[in-house]
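The values are calculated or read from the model by the stated rules, or taken from the named source; none is laboratory data. Predicted model, so just to flag it, every value in this text is computed and none were measured. Ideal geometry is used to build each Cβ from the backbone, glycine not excepted, and the neighbour counts take in all protein chains shown. All accessible areas refer to the heavy atoms of the entire protein, side chains included, with ligands and DNA or RNA removed. Shrake-Rupley method; radii C 1.70, N 1.55, O 1.52, S 1.80 Å.
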Amino acid sequence: MSHPHRPIDILLSPATLIGVVLAGEALAALLALSPAPVDDRLVLFGLASLGIQWATLGTLALVHLLRPLLGRLKPQPLAWACLGLLLVTTLLMAAASWKLMSFRHVPGDHEGTLFVLRALALALVAGLLVLLAFQNHWRVRQLALRAKQAELDALQARIHPHFLFNTLNTGAALVHQQPQKAEQLLLDLADLFRAALTDSRQVPLHEEVELARRYIDIEQLRFGARMQVEWTLPDTLPAVAVPILSIQPLVENAIHHGVEPSPGPCRLQIAIQPEAGGVRITVSNDLPAPMASSIHRGHSVGLQALRARVQMMGGDVHTQVADGRYQASLRVPTA
């Protein structure tokens with residue numbers, strides 16, 4: 001699964017393909033309805049439609065073949081590169097069409113040159129219009145993403161005070177009885193807040209796992225033996241980037257649904273499993289009997305914010321209750 005917010009992925013999306021086909025048919029219809037003297041406008045529409053679709057779909061095919069190279073380009077250079085590919089495919093299509101037409105009559109070289117130049121001029125004008133539309137679409141998309149990120153930042157800001165107060169209360173209780181644990185708690189808290197305040201939106205998976213371990217260490221001091229944590233990790237963690245503080249909301253959600261309402265020990269499992277095109281992170285927990293028989297549908301603010309952040313990078317978050325356990329699953333793409 002590819003990253004859906006790269007410029008090239010927008011060009012190769014199904015919506016773009018449908019739009020290109022429809023726009024090509026509209027352009028062919030305009031040519032057929034032009035005031036130029038034509039014997040059979042239906043035949044002209046068919047020929048124009050065939051030529052335009054060959055040129056446009058051929059361009060998209062070249063973009064797909066050159067995806068590893070073009071995928072590194074920024075929006076504006078990518079748009080100009082695609083315009084160049086459109087002109088190349090139009091040139092080849094027009095030259096081949098004129099060659100086929102020459103079997104029926106013997107036109108002059110001058111007529112053939114004019115035919116090719118007209119086709120190139122038409123492709124250039126249409127390509128420039130599409131280029132402007134693409135740049136405007138990308139600009140609007142980026143503004144929408146920034147607005148969404150600002151909303152997510154505001155949601156995340158609502159999580160931190162609650163966690164901070166609980167942690168400080170735990171630390172205050174440990175200062176006199178277990179000062180070393182209180183010191184470690186403050187160090188872990190500092191690392192978590194440093195990560196929360198960083199400008200980086202994504203971190204390597206191994207760093208995110210370490211942040212999750214620090215969060216669990218803090219909550220372990222709070223709940224003690226009631227919270228039993230099990231990790232299931234591959235021998236080598238995949239080299240993939242994940243949203244910063246993405247495992248922590250899953251653990252927080254598991255504590256909220258399982259550990260807090262449980263009168264006795266609650267088993268919390270964290271598993272990371274590589275799969276085709278991505279990595280799946282699953283956090284599950286036992287549910288108290290009353291909650292296991294009646295599904296608790298409320299999600300914390302942190303889980304809602306996480307789902308939106310992951311969807312922005314092409315992944316998703318799913319939650320379910322099965323066999324008396326609450327499970328939250330996060331999937332992120334590898335590229």
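Just one residue in the set V88, V20, V63 is open to solvent by less than 30 Å² (accessible area, probe 1.4 Å), without any contact (Cβ under 8 Å) to a residue 60 or more places away in the chain and within 30 Å of Q142 (Cβ to Cβ); that residue is V63.
Hey, any hits in segment 237-252 for a residue that's surrounded by fewer than 16 Cβ atoms within 10 Å (Cβ to Cβ), over 23 Å from the mean Cα position of the chain (by Cα) and in a helix (DSSP H, G or I)? No: segment 237-252 contains no residue that is surrounded by fewer than 16 Cβ atoms within 10 Å (Cβ to Cβ), over 23 Å from the mean Cα position of the chain (by Cα) and in a helix (DSSP H, G or I).
Among the residues here, A29 qualifies as surrounded by 12 or more Cβ atoms within 10 Å (Cβ to Cβ) and part of a helix (DSSP H, G or I). Taking segment 244-269 as the range and being in contact with a helix residue (DSSP H, G or I) (Cβ under 7 Å, 6 or more places away or on another chain) and of a type in the set (A, V, I, L, M, F, W, C) as the test, the residues that pass are I244, L245, I247, V251, I255, V259, C266, L268. R222 falls short of the stated requirement of being in a loop (DSSP other than H, G, I, E, B) and at pLDDT below 85.
Considering segment 99-145, the residues that are over 28 Å from A26 (Cβ atoms) and of a type in the set (G, A, S) include one that is modelled with the lowest pLDDT, namely G108.
Listed by position, the strands (runs of 3 or more DSSP E) enclosed by segment 260-335 that each have at least 3 residues that are modelled with pLDDT of 85 or more, open to solvent by 20 Å² or more (accessible area, probe 1.4 Å) and under 19 Å from T232 (Cα atoms) are 266-275, 278-286, 325-333. Here L73 fulfils each of the conditions (1) in a helix (DSSP H, G or I); (2) of a type outside the set (D, E, K, R); (3) open to solvent by 50 Å² or more (accessible area, probe 1.4 Å) apart from (1).
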